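Notes to accompany the following structure.
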Amino acid sequence: MKRLKNLFYLILFLFLVTPAEADAGEWTFAGWHGGGMYPSLVADPNQEGRLYLSSDVAGMWRSDDRGDSWSFINDGLNSLNVRVIAVAPSDGAYLYAGTHNSLLKSNNGGLTWASTNLSQDCRSICVDAKEPTRLYVGTKQGTIFSSNDAGASWEKIGKNPPFSDQTIITTLLLSEDSSKLFAFSKLGVRRYDFKENAWVDLSLNVESISAQWNEGVLYVGAGSKVAFSADNGSTWKYTNEIPKKRINRLAVISKNGTVRILAGWNEKLKGGVFLSDDQGVTWKNIGKKLIYDVERNPTRGVFGGLSRPNALRIDPFNPDIFYYTDTWGVWRSDNAGETWQEKINGAPNTSGSDIFIDAKGAIYVATMDDGLLQSRDGGASYEMVCPTADFQENVTGDVWRVVTAASGRVLATSSPWKRATNQVFLSEDGQNFEIIIDGLPEHRPKKNTMWGEGYPRALAADPFNDQKFYLGMDGDDGGGFFITEDGGKTWARSAGQPASLRVYNGLAADPTQEGRLVWGACGKGGGIYLSEDGGKEWKNVFSKMTWVFDVAVSKSGKIYAAGADGKPALYVSEDHGRTWKLLHRSDSGEAMDAILIDSTNEDRLYVGVVLWGEKPGGKILHSSDGGKKWNDMTGSLPESMGPAAMALDPGSKTLYALLYGGSVYKKSLDA
């Protein structure tokens, strides 16, 4: 019966997630895979080959072929930042996922999800070995909860937390007879005896954030050693040290009468893994030979090597197959760690910022973390154009906006990880970029910013002068409106500034009137500001919507403002900002963003409905009559926060959407 049930779920899964041949109306993938954080990976001990994988921005995936291919399983998730996953050992249909604000459950192998009644920042999950509806959850705040009914009701474990308040519970394990619960944290290990209703300190007072049972023996990462106990933690023995200071992930299995241990280590952001086949007497570094999937993940030309491990697993059906996830990818070894292959096919994990298509059809994609990428074949393949080498302190980081001029000049705004500055990437050919800082603030602003620091998220080209570009940076202490008149080589902060500098993407130049500029601001003093003289003076022309995230101006001079006025809203002015009318308001989502006007027919409009904080439910809306009627064209896109930006290739009549979390998708409009 169990085999029949698993077969049914497999058929249903394939039916739901296998894409049909793309017709003119379907979205198809047009981006790259990998390129982001993968917090958790687990193998289903009930189904050979089945894995579950999570993202911090894009949700979850499932694989039924050991990671050779992945498919989204986001239906019903209330957060796309999934920090921990657990499969019921006795029934793989039962699956639990912990997010930053809740615990979710699935009873059909992840095909659909539902919320439980636990609203906590969940960091660890343990499911009873025999009862798939009995589970325990550890939180960021240090509290542990239990449920006997798959999350319908909950009780706290113990009168007091096992550690001090606000100590993250990183791992939870039950004893084999389910009479004891073990909690692990940076402060060590505690054991809860259900009969005694009390926590016991097991005198392993070193950082112990990862642990696993194997044949009645408890193994725990303890500094640079692995501690193991055969008596529920009453006494401990230790392996020899690995050649690193800190073990942060652990996997254990028996093979041919011996104990195989994998010890994942990290030193800040760097990481790797050691293998022992003699219960920790000797260790072998097995994280050296990596086979990158550069075709699917072009960022590997820049970001190489293993980083800090997030998940480390041994396949429950084959002890020679290992899995490893980190900040940038997913890895599988089929030969006990001799080589590792990147396995990210179907798991796009990019944090998108902007997308732009130049006059020749080249696609530029700006991202957080991944840099600036380019495609010259409609999204079939990409290459990194900036950065182009391994980590560079003044280059590697977030790229926010990108524009091109008729001459082929490309400008992109950037904020490097390791320097608290903002800058511009400038190229005359789209391939070779120089870093421009002349005239920009020496430090990132911090006062009245959107995200704690000011970033150059607004960028526009002047439609009358291909040497002139405009830049917007949020922050009252150095941010504001900047101009370049030499093609981007030097910048100057305008003497005139809008009254509110809290800008997101809202900056545009009117193609019908030289010098007319539009600025959208957020929060107190937010709304639309207009300049008629190239930015020397600004006037607030619209304050009904004080959260304006994006602006756009059509060829005829219509000004569009997307944001939130209590609900996601899109406004338009047809008289250069003098009067405004509501064009559309959405009952779902948190804001409107990512305005796109069809350059061949300005009655065709596109706008995104977005959510913040990794919440799903984003949409793409379309109007073919100037905004009188709107259609939801989200269709087959994966559940996401919505589009960060959209672009239209008029030559191929193709719409491209860059998601805030995920990657690039395209849709033919020739239907």
Q: Answer with yes or no whether Val548 is open to solvent by less than 30 Å² (accessible area, probe 1.4 Å), of a type in the set (A, V, I, L, M) and either modelled with pLDDT of 95 or more or not in a loop (DSSP other than H, G, I, E, B) (or both).
A: yes
Q. Does Ala644 qualify as being open to solvent by less than 20 Å² (accessible area, probe 1.4 Å) and touching an Asp or Glu at 6+ places or on another chain (Cβ under 8 Å)?
A. yes
Q. What single numbered condition from (1) in contact (Cβ under 8 Å) with a residue 40 or more places away in the chain; (2) farther than 24 Å from Lys524 by Cα; (3) not small (Gly, Ala, Ser) fails to hold for Phe481?
A. (2)
Q) Do you know which of the residues in the stretch 210-220 that are touching a residue at least 40 places away in the same chain (Cβ under 8 Å) and touching a Leu at 6+ places or on another chain (Cβ under 9 Å) is surrounded by the fewest Cβ atoms within 10 Å (Cβ to Cβ)? A) Trp213
Q: Report, by residue number, each residue of the stretch 305-350 that is assigned to a loop (DSSP other than H, G, I, E, B), within 15 Å of Asn266 (Cβ to Cβ) and polar (S, T, N, Q).
A: Asn310, Thr327
**Q.** Candidate set from the stretch 447-495 (those that are open to solvent by 20 Å² or more (accessible area, probe 1.4 Å) and among the basic types (Lys, Arg)); member that is nearest to Thr546 (Cα to Cα)
**A.** Lys447
**Q.** Counted residues, the stretch 266-278 - those being in contact (Cβ under 8 Å) with a residue 40 or more places away in the chain, within 23 Å of the chain's Cα centre (by Cα) and not in a loop (DSSP other than H, G, I, E, B)
**A.** 2
Q. Taking the stretch 103-143, which residues are open to solvent by 10 Å² or more (accessible area, probe 1.4 Å), among the polar types (S, T, N, Q) and either assigned to a loop (DSSP other than H, G, I, E, B) or closer than 16 Å to Asp44 by Cβ (or both)?
A. Asn107, Asn108, Thr112, Thr116, Asn117, Ser119, Gln120, Thr133, Gln141, Thr143
Q: Please list, ordered by first then second residue, the pairs with beta carbon atoms under 6 Å, 6 or more apart or interchain, first in the stretch 89-113 and at negative phi, second at pLDDT 95 or above and of a type in the set (Phe, Trp, Tyr).
A: Leu104/Trp113; Lys105/Tyr96; Ser106/Trp113; Asn107/Tyr94
Q) Which pairs have Cβ atoms under 6 Å, sit 6 or more apart or on different chains, and link a residue in the stretch 30-46 that is closer than 30 Å to Ile357 by Cα to one that is charged (D, E, K, R)? A) Ala30/Lys666; His33/Arg296; Gly35/Asp370; Met37/Asp56
Q) Right, Asp587: surrounded by fewer than 20 Cβ atoms within 10 Å (Cβ to Cβ), closer than 30 Å to Ile73 by Cα and of a type in the set (Asp, Glu) or not? A) yes
Q.
So, restricting to strands (runs of 3 or more DSSP E) that lie completely within the stretch 410-474, which ones have at least 1 residues that are under 23 Å from Ser500 (Cα atoms) and at pLDDT 95 or above?
A. 410-416, 423-427, 458-461, 469-473
**Q.** Only one of Glu207, Glu241 that is modelled with pLDDT of 95 or more and either outside any strand (DSSP E or B) or touching a Gly at 6+ places or on another chain (Cβ under 6 Å) (or both)
**A.** Glu241
Q. What are the residues in the stretch 58-80 that are assigned to a loop (DSSP other than H, G, I, E, B), farther than 22 Å from Trp340 by Cβ, open to solvent by 20 Å² or more (accessible area, probe 1.4 Å) and not acidic (Asp, Glu), if any?
A. Gly76, Asn78
Q: For the stretch 540-578, enumerate the residues that are hydroxyl-bearing (Ser, Thr, Tyr), in contact with a Phe, Trp or Tyr (Cβ under 9 Å, 6 or more places away or on another chain) and over 20 Å from Arg502 (Cα atoms).
A: Ser554, Ser573
Q | Residue among Leu14, Leu7 that is within 30 Å of Met633 (Cα to Cα), open to solvent by 50 Å² or more (accessible area, probe 1.4 Å) and at pLDDT below 95 | A | Leu14
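Residue-wise test of (1) among the small types (Gly, Ala, Ser); (2) in contact (Cβ under 8 Å) with a residue 24 or more places away in the chain; (3) farther than 30 Å from Glu574 by Cα.
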| site | (1), (2), (3) |
| --- | --- |
| Thr413 | no, yes, yes |
| Met450 | no, yes, no |
| Glu453 | no, yes, yes |
| Pro456 | no, yes, no |
| Gly472 | yes, yes, no |
| Tyr504 | no, yes, no |
| Thr512 | no, yes, no |
(Q) Can you find a residue that is without any contact (Cβ under 8 Å) to a residue 24 or more places away in the chain and β-branched (Val, Ile, Thr) anywhere in the stretch 240-256? (A) no
Q.
List pairs: first residue in the stretch 279-290 and open to solvent by less than 60 Å² (accessible area, probe 1.4 Å), second residue of a type in the set (Gly, Ala, Ser) and not in a loop (DSSP other than H, G, I, E, B) anywhere in the structure, Cβ distance under 7 angstrom, at least six positions apart or on different chains.
A. Trp283/Ser276; Gly287/Gly272
Q. Within the stretch 514-524, which residues are without any contact (Cβ under 8 Å) to a residue 40 or more places away in the chain and either closer than 14 Å to Gly480 by Cα or assigned to a strand (DSSP E or B) (or both)?
A. Ala521
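The values are calculated or read from the model by the stated rules, or taken from the named source; none is laboratory data. Bear in mind that the values here come from a model prediction, so they are computed numbers and not experimental data. Methodologically, a virtual Cβ is constructed for each residue, glycine included, from the backbone with ideal geometry; neighbour enumeration extends over all protein chains shown. Protein only, heavy atoms only, side chains kept; ligands, DNA and RNA dropped before computing areas. Shrake-Rupley method; radii C 1.70, N 1.55, O 1.52, S 1.80 Å.
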